[in-house]
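For reference, the structure discussed in these notes is given below.
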Amino acid sequence: MAKVAVKKKAAEPKARKKQTKGMIVLTVIFSVVSVFYVMPVFVVFMNSFKTNSGIARNLYAFPNEETFNKLANYIKGMTFANYPFYKAAFWSLFITVGGVVLILFCTSMCAWYLQRSNTIICKIIYILCIFSMVVPFQMVMYPLSKTADTLHLDTPWGILVMYLGFGAGLAVFMFSGFVKSIPLEIEEAADVDGAGPLRTYFQVVLPIMKPTLISVAILETMWIWNDYLLPYLVLKKGVYRTIPIHMQYLNGSYGQSDNGAIMALVVLSILPIVVFYFACQKYIIEGVVSGAVKG
Amino acid sequence: MFKKANRKLYALIFVLPTFAAFIIGFIYPFAKGIQLSFFKFRRLNKLTFVGLDNYKEAFQDKSFLASFWFTLMFVVVSVILINLIAFFVAYGLTIGIRGSNIFRTVFFMPNLVGGIILGYIWHQIFDAILRNFDKPSLVTNTSMGFWGLIILMCWQQAGYMMIIYIAGFQSVPGDLYEAAKIDGANRRQLLTNVTLPMMMPSITICTFLTLTNSFKLFDQNLALTAGAPYNVDKGLWTTRMMALNIYEVFYGEGSNAKGVGQAEGVIFFLIVVAISLVQLFLTRRKEVQA
């Protein structure tokens, strides 16, 4: 794949560059576009405090005395529609954290062994991993959900195996790319000092891989947290739900149509992501770039 | 590192967990999927071999063909729009205007939210606007559904591609511009002869990503229109994309043609692979080395 050098400080304007007329116009245009960009999310936020009749009358009106619903939508949303929201949020968090940790741990070890051992079998596994990234989920979804049923992987614990298997492609690929750039001498030195492969891996290789670990963690987090179809097909219906499954249930025809409560839940689902984004924006953007460059 | 004697032992420790999960989560379902596409079945315990019949049926299935054309149209429009927008926004954000970082933060944000939630949000937004103008709602009008989906995808994906283009712009060495300026190049020549060739790797990546993302789109399609409206005359859901259509063949009401669904899945897979390969080959030829 082609190489794009990634600079550490992305898009940092060179210390107070003189603003020409064209640049000022551009700033104004971007500002207007930015307002439109956050508008949909803001509208939902605003409406999450309105009564249903207020929402139906005018989506774009600010809440007034008559339509202001205080936190009623949030309170209702918590236990709304025969599945409490906090349970869905908990399972989402559990599956995301568990899946990402499992993927990081297992695939980084796997990628290192594949690269360093480099037998024919290793090469075949590596190529299969790359191949798996192209395959659309709909091609494997039916046999995959049946396999999960047969092996009783229809729980939030079992689904972690599915995520490890289906997410392995990208992770192994990214880790392999990085392992190739680690000079062999470092590991040979550890070997001479008498460290076995396990010790070499955990004390020498793993710390060096930190930037890639973060990138892979970000990409896999964004994928698993927002994933809908895989958990929907695999998890036991009605017993376990993640946030996307719950939202689609409410949105679909079978859910009770209570827009106020749904919007309150939308706000609650977006909030942790926004906090996460502001906390590690730098890593997210680096992760996206390095994932794309290698993908 | 790995000596012959203990190679197998360490393979067990290092590779086996991932490889076992990879077999369960990918290799076995993939192989089974190809096998099932040659069988007729409702449940896995009763398979009847039918050869290529499922494929023949898939190509005669008008909802499959309609979803193919709808997807193709969507892919063409969205790939062009997303890349154009992302490219120029990235250009604007790398010439050093005030607030570049804030704009970048804002434009990327929609990518963190899942497709299901985005679909719901935009459904509400569009319907409220359309109601204001006394226009038909999103789910009763095919072209509204199409453009709604395009707007949603541009809004979401442009920020992602912008990040990659920004990295591309920043990797163009400044001395190339200076050398070109000394040779008397004007602004347009700078763009076409320096920037564009140097940006080809980024353009390849972004086209590749938008192409496959748009082709495989499922969540947003499901949450925004779910395929509605239904055209009674043709007997078709008019805004169903391929992924959603395959899903409906498998799990929709009264579905009993699971073999056909699997065959459509295999065709879908082959199309995605073919397009990716062709596109990669075409744009790669234009890349240059700095």
Complete set of residues in segment B:43-63 that are more than 26 Å from the chain's Cα centre (by Cα) and either among the β-branched types (Val, Ile, Thr) or exposed (fewer than 13 other Cβ atoms within 10 Å of the Cβ) (or both): B:43, B:45, B:46, B:48, B:49, B:50, B:51, B:52
Only listed residue being in the same structural domain as residue B:143 (by TED's automatic domain parsing), among the aromatic types (Phe, Trp, Tyr) and within 22 Å of the chain's Cα centre (by Cα), chosen from B:103, B:70, B:26, B:30: B:70
Which of (1) among the aliphatic types (A, V, I, L, M); (2) surrounded by fewer than 16 Cβ atoms within 10 Å (Cβ to Cβ); (3) within 24 Å of the chain's Cα centre (by Cα); (4) not assigned by TED's automatic domain parsing to the domain that holds residue B:249 is the odd one out, the single condition residue B:20 does not satisfy? (3)
Checking residue B:145 against (1) more than 14 Å from chain A (Cβ to nearest Cβ); (2) surrounded by fewer than 17 Cβ atoms within 10 Å (Cβ to Cβ), the condition it does not meet: (2)
Segment A:232-253 - residue that is within 10 Å of another protein chain (Cβ to nearest Cβ) and not in a helix (DSSP H, G or I) and, of those, surrounded by the most Cβ atoms within 10 Å (Cβ to Cβ): A:242
Would you confirm whether any residue within segment A:55-70 is in contact (Cβ under 8 Å) with a residue 24 or more places away in the chain, more than 30 Å from residue B:42 (Cα to Cα), within 14 Å of chain B (Cβ to nearest Cβ) and over 22 Å from the mean Cα position of the chain (by Cα)? yes
If you go through segment A:148-169, how many residues are touching a Phe, Trp or Tyr at 6+ places or on another chain (Cβ under 6 Å) and without any contact (Cβ under 8 Å) to a residue 60 or more places away in the chain? 1
If you go through segment B:216-229 one residue at a time, do you hit one that is in contact with a Phe, Trp or Tyr (Cβ under 6 Å, 6 or more places away or on another chain) and at pLDDT below 85? yes
Criterion: in a helix (DSSP H, G or I), within 12 Å of chain A (Cβ to nearest Cβ) and under 29 Å from residue A:27 (Cα atoms) - qualifying residue of B:116, B:129: B:129
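For (1) within 27 Å of residue B:156 (Cβ to Cβ); (2) surrounded by fewer than 18 Cβ atoms within 10 Å (Cβ to Cβ), each residue gets a yes or a no:
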| position | (1), (2) |
| --- | --- |
| B:190 | no, yes |
| B:219 | yes, no |
| B:230 | yes, yes |
| B:236 | yes, no |
| B:249 | yes, no |
| B:258 | no, no |
| B:266 | no, no |
| B:272 | yes, no |
The helices (runs of 4 or more DSSP H) lying wholly within segment B:1-95 that contain at least 1 residues that are at the interface with chain A (Cβ under 9 Å from one of its Cβ atoms) are B:7-14, B:16-22, B:28-36, B:62-94
Looking at (1) facing chain A (nearest Cβ under 10 Å); (2) crowded, with 18+ Cβ neighbours inside 10 Å, find the lone condition where residue B:173 falls short. (2)
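This table checks each residue for (1) outside the structural domain of residue A:135 (by TED's automatic domain parsing); (2) closer than 30 Å to residue B:227 by Cβ; (3) in a helix (DSSP H, G or I).
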site	(1), (2), (3)
A:198	no, no, yes
A:204	no, no, yes
A:215	no, no, yes
A:230	no, yes, yes
A:285	yes, no, yes
When you look at residue A:189, is it within 12 Å of chain B (Cβ to nearest Cβ), surrounded by fewer than 19 Cβ atoms within 10 Å (Cβ to Cβ) and at pLDDT below 85, yes or no? no
Given (1) more than 10 Å from every other protein chain (Cβ to nearest Cβ); (2) touching a helix residue (DSSP H, G or I) at 6+ places or on another chain (Cβ under 6 Å); (3) closer than 25 Å to residue B:228 by Cα, number of the condition residue A:257 does not satisfy: (2)
Kindly indicate whether any position in segment B:31-39 is more than 19 Å from residue A:166 (Cα to Cα) and among the β-branched types (Val, Ile, Thr). no
Determine which member of the set A:46, A:109, A:39, A:1 is within 30 Å of residue A:186 (Cα to Cα), at pLDDT 85 or above and of a type outside the set (Ser, Thr, Tyr). A:109
Of the listed residues (B:245, B:221), the one being touching a residue at least 60 places away in the same chain (Cβ under 8 Å) and in contact with an Asp or Glu (Cβ under 8 Å, 6 or more places away or on another chain) is B:245
When segment A:152-179 is examined, which residues are found to be more than 28 Å from residue B:214 (Cα to Cα) and in contact with a Gly (Cβ under 7 Å, 6 or more places away or on another chain)? A:152
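The values are calculated or read from the model by the stated rules, or taken from the named source; none is laboratory data. Here the structure is a predicted model, which means the values were calculated and not measured. Please note: Cβ atoms are built from the backbone with ideal geometry, for glycine as well, and neighbour counts cover all protein chains shown.
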